[in-house]
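The values are calculated or read from the model by the stated rules, or taken from the named source; none is laboratory data. A quick note: this is a predicted structure, and the numbers were derived from the prediction, not measured. Please note: Cβ atoms are built from the backbone with ideal geometry, for glycine as well, and neighbour counts cover all protein chains shown. In case anyone asks, the SASA skips ligands and DNA or RNA and just uses the protein heavy atoms, side chains included. Shrake-Rupley method; radii C 1.70, N 1.55, O 1.52, S 1.80 Å.
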Amino acid sequence: MVRNNRHRIGVLLMSLTCITDPGGALARTAFDGDWSVVISTSNGACVSSYRSGVQIFEGAVVAEGGAVNVQGRVTPKGAVKVTVQSGGQWASGHGQLTKNRGGGVWRGQGTSGVCSGTWIAERR
């Protein structure tokens, strides 16, 4: 049961990497391409570290799977703000992307309680 919950938190945290624009398709951006994101937990009982690959295409992130609800965006200047929800679990994060890297912080509520940490991203 604990392992299953930690896996669900890992999937939820992985989804923090899904930066989408709810307004629809955007013009090609400086952030388009393949990215590798590492999400690290510094407080709480969530998965300690998780790496995921994502692709940003025309400002929207194309992510594997789809078991979670993701709302967020990346501005033309690279500011990232995202909220992820799956069942009773949620996480929100914000930060900054540059042309080849980025990072920020996240906070969430999982089945084991409140968690928080940081994320870093690098263009592949």
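In the stretch 103-116, which residues are in contact (Cβ under 8 Å) with a residue 24 or more places away in the chain and more than 12 Å from the chain's Cα centre (by Cα)? Once the filter is applied, which keeps residues that are in contact (Cβ under 8 Å) with a residue 24 or more places away in the chain and more than 12 Å from the chain's Cα centre (by Cα), the stretch 103-116 yields 110, 111, 112, 113, 114, 115, 116.
Screening the stretch 42-67 for residues that are farther than 15 Å from residue 120 by Cβ and in a strand (DSSP E or B) and picking the one that is modelled with the lowest pLDDT gives 62.
Can you name every residue in the stretch 80-119 that is open to solvent by 60 Å² or more (accessible area, probe 1.4 Å), out of contact with any Lys or Arg (no Cβ under 7 Å at 6 or more places or on another chain), closer than 19 Å to residue 60 by Cβ and at pLDDT 90 or above? 96, 98, 99, listed by residue number.
Among the residues of the stretch 70-77, are any modelled with pLDDT of 75 or more and either in contact with a Cys (Cβ under 9 Å, 6 or more places away or on another chain) or crowded, with 17+ Cβ neighbours inside 10 Å (or both)?
Of the stretch 70-77, the ones modelled with pLDDT of 75 or more are 73-77.
Filter once more, so that each one left must be either in contact with a Cys (Cβ under 9 Å, 6 or more places away or on another chain) or crowded, with 17+ Cβ neighbours inside 10 Å (or both): 73-74.
So far as the stretch 70-77 goes, yes, one or more of its residues are modelled with pLDDT of 75 or more and either in contact with a Cys (Cβ under 9 Å, 6 or more places away or on another chain) or crowded, with 17+ Cβ neighbours inside 10 Å (or both).
Cβ-Cβ distances below 6 Å connect the following pairs, each with a first residue in the stretch 41-60 that is farther than 24 Å from residue 79 by Cβ, a second residue that is buried (at least 21 other Cβ atoms within 10 Å of the Cβ) and modelled with pLDDT of 75 or more, and a separation of six or more residues or different chains: 44/115; 46/110; 46/115; 48/41.
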